[in-house]
Each structure stands twice: as structure tokens, then as C-alpha cells.
Amino acid sequence: MSPVIVHSTYVKNGCWEPKQPQGTWVFELAKSNALYAYWFKKKGDIPKAKKQLTKAIDLFRECAADNWVRRTEKALAEIYLEIKHCFP
């Protein structure tokens, strides 16, 4: 499924409705931050991954993308669990 179709599906289903006119670019920026976090995690740079996920959560909250907030918070929690598992 292409990103455009996924994005329009979320808008159509009411999963994301921007609070302000710049909501679209804020939403896209938040998704980019989440993607960078995934990349940093794969590289093993956990501090940068956490920083990107935290930024993404703040931006998703700003444009009222609650499902995306939950999804990103879950990814952040998984990173904390991995760290705790490595350092008991």
C-alpha cells in the first residue's frame, strides 16, 4: 500500500484530523522522526532513537493523531524494556 493511500485512509477514517492548517506538515514531520528513530535503533544508537521518538510523540499530539501517539509510545517503551533487559 502506498504512503498516499495509507495517509488518505487515516484522514478518511477520522484517525487524524489536524487542529491547525499546518497540521499536514507537522504530521509528516512526526512520521519522519519516527522513521529516523527506527533507523537509529537499527544502527544501535539508542539515545538518538529515544530522542527522535520523543519528538515524534510531541508532534503527533500537536496534530491530535492519538493512534500514532499510542503506537510511538509503545515503540519508546520497547526501547526502555530492551535497555532494562541488557542491564538488569
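The values are calculated or read from the model by the stated rules, or taken from the named source; none is laboratory data. Since the structure is predicted, the reported quantities are computational estimates derived from the model, not experimental observations. Counting neighbours? That spans all protein chains shown, and the Cβs are built from the backbone with ideal geometry, glycine included.
Things worth noting here:
- Residues in the range 16-49 that are modelled with pLDDT under 85 and either surrounded by 15 or more Cβ atoms within 10 Å (Cβ to Cβ) or closer than 28 Å to LEU81 by Cα (or both): TRP16, PRO18, GLY23.
- Taken over the range 60-88, the residue count meeting the criterion of being assigned to a helix (DSSP H, G or I), aromatic (Phe, Trp, Tyr) and at pLDDT below 90 is 1.
- So ILE57, is it surrounded by 15 or more Cβ atoms within 10 Å (Cβ to Cβ), at pLDDT 90 or above and either in contact with an Asp or Glu (Cβ under 7 Å, 6 or more places away or on another chain) or of a type in the set (Ser, Thr, Tyr) (or both): yes
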